[in-house]
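What follows is one structure encoded as structure tokens, with my remarks underneath.
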Amino acid sequence: MLSQPFMQHALLAGTAVAVLSGVVGYFVVLRAQLFAGDALSHVAYTGALAALAAGLDLRLGLFAATIGVGVLLGLLGGRGLADDVTIGTTFAWVLGLGVLFLTLFTTHRATGNSTASVTVLFGSIFGISGRDAVTAAVIAAGLVGVVLLVARPLLFASLDPAVAAARGVPVRLLGPLFLGVVGASAAEASQVVGALLLFGLLAAPPAAAQRLTDRPWRALALSAVFATASVWVGLTLAYAYPTLPPSFAILAVSTALYAGAAIVTSTQSRVLGA
């Protein structure tokens, strides 16, 4: 399996996106911004369609839309935390734009790239070129570096924003910055697992990690490990069973990890309670 170039590219890009999703997803879960993450995954699809409808590289639309909307959500929310009304309104507006751009793309541009919209929705990790895999790894490493650079103040602002603000932590600046990173992560991950399935990779591994430990740095590392394991096992299953879509396999493994963590913690609670 490892001798196949397409598997080497898939593992490189998949591992990079997995580590990024695990690190970013930990703070997404901690800050209770899963709805924002879900909305940004749909923004990625709309942005890609907008670029395709305009005849541009879809990656331009992906990153411009997700980063822009992510920062906007952070600016509109109090203390950098976008509320559900703001996210829901943006979500509806973005979905409406998605319908518009999909219509424009299918009626004017689809003949030249008829599978592009499906690829953005569900990913094409087995079709990634070596150059794109390296690019994905570099971008993911840069985004992980940004998150780790602000991890300590971001953790403080996530756990107790009022006290963090009183201590001089730039809470209002960290919110838009973090959601901008979430947006960029959504754009990057959409090219691997697809916009529709991205939400699971951002949510399940970090949630499993937080169930197993209440130590922040250990949970952060464990989240990245779980996400990486999901990609590796999922790709192996998809290679062994060619009819199994790789994105589905990856998300199935990550969901199983969360279910396993939930069973372990509930069992421990029952034993301690007894």
Notebook entry, point to check: Got a sec? How would VAL29, VAL43, VAL192 order by Cβ neighbour count within 10 Å, fewest to most?
Noted result: VAL29, VAL192, VAL43
Check: region 1-72 to region 207-274: how many Å between their Cα centroids?
Finding: 20
Item checked: Rotationally averaged projected area of region 140-209 (alpha carbon convex hull; nm²) -> 5.1
Notebook entry, point to check: By per-residue mean of other Cβ atoms within 10 Å, what is the highest-first order of 177-183, 220-226, 139-145?
Noted result: 177-183, 220-226, 139-145
Next item on the list: Please arrange ARG218, ARG211 by counting, for each residue, the other beta carbons lying within 10 Å of its beta carbon, fewest first.
Entry: ARG218, ARG211
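Hull surface divided by four, with the convex hull built on the Cα atoms of region 5-196: how many nm²?
One quarter of the hull surface, i.e. the mean projection, equals 10.1 nm².
Each value in this text was obtained by applying a stated rule to the coordinates, not by laboratory testing. The shown structure was predicted, so the numbers you read here are calculated from the model rather than taken from an experiment. Ideal geometry is used to build each Cβ from the backbone, glycine not excepted, and the neighbour counts take in all protein chains shown.
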